[in-house]
Amino acid sequence: VQQPTLANGLTQAQQDSVDRARAYAQELQETVFKEILEAERKRKEEETKPPPGTVNPGLLGGKMDPRNASVMSRIYVGSINFELTEEHIHRVFSEFGTVRSVSMSKDPVSGRHKGFGFVEYEVPEAAAL
């Protein structure tokens, strides 16, 4: 006995099998494949990490100009409350690394800072945080 075919040329039983296969593939994508991809990502991340104790592989390898390192170690800080001082900024940002300097431009008329400044860290990695 021949079963009737659907518009796509499959029988109802074949279409049900295709639907179950799609649902299973979707389930795999949401669970197993994500776990495999995450494990692969972590493995690659571990391979590319510099050895412990390496502060900046670019600087140690002589590949980075010290001026570039200085620029990469600086961050702009905006919308600073006028009641805050360089010491306040230094204390807050030192949680992310050793701060080399904090500079806040002063308004010559009022004597207050202009509401923005720059924080320079000892190493560029701290500025990236």
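Label points 7 Å out from Cα along the Cβ direction at GLU35 and GLU95: separation in nm?
That separation, rounded to one decimal, is 3.7 nm.
Tell me the mean residue ellipticity at 222 nm calculated for the chain from its helices only (DSSP H runs of n ≥ 4, each -39500 (n - 2.57), averaged over every residue, nearest 500).
Helices in the chain give a 222 nm mean residue ellipticity of -13500 deg cm²/dmol.
Assign unit charges at the C-beta atoms only (+1 for Lys and Arg, -1 for Asp and Glu), then state the dipole size of the chain relative to its Cα centre in Debye, rounded to the nearest 20. Spell out each step's value before the answer.
Details: 16 positive and 19 negative charges, 81 e Å.
The dipole of the chain has a size of about 400 debye.
Taking amide hydrogens as modeled 1.01 Å from N in the peptide plane, which residues meet the under 5 Å criterion relative to SER101, leaving out close sequence neighbours?
For SER101, whose amide H was placed from the backbone, the distant partners under 5 Å are GLU120.
Which of the lysines could a cross-linker span from LYS106 if the Cα-Cα distance has to be under 24 Å and same-chain partners fewer than 8 positions apart are dropped?
LYS114
Helix 12-30 sits at what angle to the longest principal axis of the chain, using alpha carbons and giving 0 to 90 degrees rounded to 10?
Roughly 20 degrees, rounded to the nearest 10.
Tally the DSSP beta bridges in the chain and give the antiparallel ones as a percent, rounded to 5.
Numbers: 10 of 10 bridges.
Here the share of antiparallel DSSP bridges comes out near 100 percent.
No value in this document is a laboratory result; all are computed from the given coordinates. Computed from a predicted model, the values in this text were never measured in an experiment. Note: ideal-geometry Cβ built from the backbone for every residue, glycine included; neighbour counts use all protein chains shown.
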